[in-house]
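**Q** Sharing a structure, written as structure tokens. Questions coming.
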Amino acid sequence: MLQMSPTRDEIGDSCDLQPPYSSAVETPFLPDDLRTPAGSSAPCKDKDANEAYELAEYGYGKNYVKILKVRRDGLRHSIREYEVNTHLQLDSREDFLRGDNKHVIATDSQKNTVYVLAKKFGIQSPEDFSLLLCGHFLDMYPQVTEASVHIKKYPWTRMLSGGQEHNHAFILSPVAYRSCTVSQRRNEAPRIRGELHGLRVLKTTQSSFRDFVQDEYRTLPDANDRIFSTMVTASWLYNTGSADFDRVWHTVKECILYTFAGEPKEGRLSPSVQNTLYLAAKMSLDRVDEIERMEVQMPNIHYNSLDLSKFQSTITGGFEHYEVYQPTDKPAGIIHAQLERSNKEMASRPRQVFCNKL
């Protein structure tokens, strides 16, 4: 049976690892300082990590910090629930290379910072609170070179009882999830990315599958009308730090829904998922000046027609105008694109100003 030679990483993990074949066999692929004669207990030579390797990407933080914000105005209460991730990069790598932690801000401190700032300043929006946290870490700790914050918002809505809004009861209704990612390097403007995901939509007509490449591998026939369903994920990069982030998120969602469905009575034809995706991104850029770049993903969730001709005698007399389909989410086509403003268009726009909201 063929035996694999040990990798260099495996040799580095065990000083007395021996090859699976005879030690008499020459192994020129091993550096001299890693060769150990059979039966020898000589230790492996350990190179200075700073000389042999470079720590390219590094950082640390606290994930999944849960926070519920409750506002009580007399009998009427309001809530917002978030999940916060904080990540920091320091100007020192000694915690990785030497185990020296004297410059490390404990992740426990990062967690408590989230709660303290939420209590002191409130949470206007995920983006505003992310900017606040990034600014705090950079201002308070000079050893921090970059701060990144990711916040997910849970979509609680007020419960209806007898057609009336309840004062203090809520229901989780995830039409779509909202999140954001903000990162900022010292002495640089923050990068703010709004995010929408989990927006599942379906329409039963006005979608076609036509004129794709006909080759020996394709089995699907052309279809003039079919069900179109997808789970939309979108993200966008802001060109300013002082936008109305709530308005922008809801505007992007409405642009996606409109380009997918169209007017309530007439609808809208979707000749391809690609075209619908492009129009959604374009409409978002047209309506929101604060967005510099838009990225959208739309997997194609299939609802396949079923051949029930074998059961025609059984079906006759039933609800013949009803159609039955088979939902299949895997495998799925995936369509994605990024749309950004051209250099010419950006040059004609007024310069945007970034600021941290402390």
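The values are calculated or read from the model by the stated rules, or taken from the named source; none is laboratory data. Every value quoted in this text rests on a predicted model; they were computed, and no experiment measured them. Glycine gets a Cβ as well: all are built from the backbone with ideal geometry, and neighbour counts include every protein chain shown. These accessible areas exclude ligands, DNA and RNA; they are computed on the full protein's heavy atoms, side chains included. Shrake-Rupley method; radii C 1.70, N 1.55, O 1.52, S 1.80 Å.
**Q** In percent, what relative contact order does segment 169-235 have, based on Cα pairs under 8 Å that are 6 or more apart in sequence?
**A** Answer for segment 169-235 is 33 percent.
**Q** Still on this model: Leaving out ligands, DNA and RNA, what percent of the accessible area of segment 98-240 is carbon and sulfur, probe 1.4 Å?
**A** The C+S portion of the solvent-accessible surface of segment 98-240 is 52 percent.
**Q** Pop a pseudo-label 7 angstrom from the Cα along the beta-carbon direction at both ASP289 and ARG71 and give the gap in nm to one decimal.
**A** 2.7 nm
**Q** Hey, which of these cross-link pairs are over 28 Å Cα-Cα: LYS120/LYS152; LYS203/LYS253; LYS69/LYS282; LYS66/LYS330?
**A** Correct reply: LYS69/LYS282; LYS66/LYS330.
**Q** Projected onto the charge dipole of segment 66-213 (+1 at Lys/Arg Cβ, -1 at Asp/Glu Cβ, origin at the Cα centre), which of VAL201, ILE151, THR107 gives the Cα projection farthest towards the positive end?
**A** VAL201
**Q** Normalised by the residues of segment 234-289, what does the relative contact order come to in percent, with Cα pairs under 8 Å and at least six apart?
**A** Once divided by the residue count of segment 234-289, the mean separation gives 38 percent.
**Q** Give the relative contact order (percent, whole number) for segment 183-275; include only Cα pairs under 8 Å separated by 6+ residues.
**A** Dividing the mean separation by the residue count of segment 183-275 yields 35 percent.
**Q** A further question follows. Output wanted: per-residue J couplings in Hz (rounded whole) for segment 140-157, from phi through Karplus 6.51 cos²θ - 1.76 cosθ + 1.60, θ = phi - 60°, x for Gly and Pro.
**A** Those phi angles translate into 7, 10, x, 7, 7, 9, 8, 10, 10, 9, 10, 10, 10, 9, 8, x, 7, 10 Hz.
**Q** While we're here: Indicate the gyration tensor shape class of segment 143-263 (rounded, prolate or oblate), computed on the Cα atoms with a ≥ b ≥ c the square roots of the eigenvalues: a/c under 1.5 is rounded; otherwise a/b larger than b/c is prolate and the rest oblate.
**A** oblate
**Q** Using alpha carbon coordinates only, what is the Rg to Rh ratio of segment 226-288, with Rh defined as the Kirkwood radius?
**A** 1.01
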